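Student: Below is a structure I'd like to ask you about.
The values are calculated or read from the model by the stated rules, or taken from the named source; none is laboratory data. Every value quoted in this text rests on a predicted model; they were computed, and no experiment measured them. Neighbour counts are summed over all protein chains in view; Cβ atoms, including those assigned to glycine, are modelled from backbone coordinates with ideal geometry. Each accessible area value is taken on the protein alone, full model and side chains, heavy atoms only, with ligands, DNA and RNA left out. Shrake-Rupley method; radii C 1.70, N 1.55, O 1.52, S 1.80 Å.
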Amino acid sequence: MRARRPRGFTLMETIIAVVILSLAVPTMFWAIRDSQTKRANPVMVSRARWLATEKIEDVIADRHSTTRGYAYVLTSNYPAEASTTGFAGFTRTTAIAETAADLVSAGTGFKKVTVTVGFTDAAGVARTLSLATVVTDYTP
């Protein structure tokens, strides 16, 4: 008679498989969650940059407008937006400071326009993105 080979897993093989799975599965789920967060954050930063650029373009258009001009470019004419239309979770503020040519000391002829967009990233961390430009009183 031939010796019969047992079928199935031994208890030792089963324990080893459970230990390997218990170490691998949580790590795999953490990596998947982390990749989702890392994929979403660049999209949110891109939207914030676009929103800041949009507002800067509005200010520049007002500066060059024949009806508004340089005098219109004031912080009070660009109120803070607690909720940006079409972009839930994004806020936008505009700060305008008139400066001298060095853009630091007080003076006239130059206005530094800073637009700050705030948002909460995919990990729940509050983030801000600021863009700045300068408009001048010079008209060619």
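Student: Using only alpha carbon positions, build the gyration tensor of the stretch 52-129, then give the equivalent ellipsoid semi-axes as the square roots of 5 times its eigenvalues, largest first, whole angstrom.
Tutor: 27, 16, 9
Student: Continuing with this model, one more query. In terms of solvent-accessible area of protein heavy atoms at a 1.4 angstrom probe, what is the ranking of Met44, Met12, highest value first?
Tutor: Met12, Met44
Student: Turning to a different aspect of this structure: In whole Hz, what ³J(HN,Hα) sequence does the stretch 32-47 give by Karplus (6.51, -1.76, 1.60; θ = phi - 60°), x for Gly and Pro?
Tutor: Coupling constants for the stretch 32-47: 5, 5, 5, 5, 5, 5, 5, 6, 7, 4, x, 5, 5, 5, 5, 5 Hz.
Student: Per residue, how much space in cubic angstrom lies within the convex hull of the C-alpha atoms of the chain?
Tutor: It is 196 Å³ per residue.
Student: Another question about this same structure. If you roll a 1.4 angstrom probe over the protein chains with everything in place, what fraction of the accessible area of the chain belongs to carbon and sulfur, to the nearest %?
Tutor: Within the chain, the accessible surface is 62 percent carbon and sulfur.
Student: Take every Cα pair under 8 Å in the chain that's 6+ residues apart, average their separations, divide by the length, and report that relative contact order as a whole percent.
Tutor: 19 percent.
Student: Same structure again: Given Cβ point charges of +1 (Lys, Arg) and -1 (Asp, Glu) and nothing else, what value in debye, to the nearest 20, does the dipole of the chain about its Cα centre take?
Tutor: Approximately 1280 debye in magnitude.
Student: Comparing Asp102, Asp62, Asp121, which has the greatest mean-square fluctuation in the GNM of the chain with Cα pairs linked when under 10 Å apart?
Tutor: Asp102
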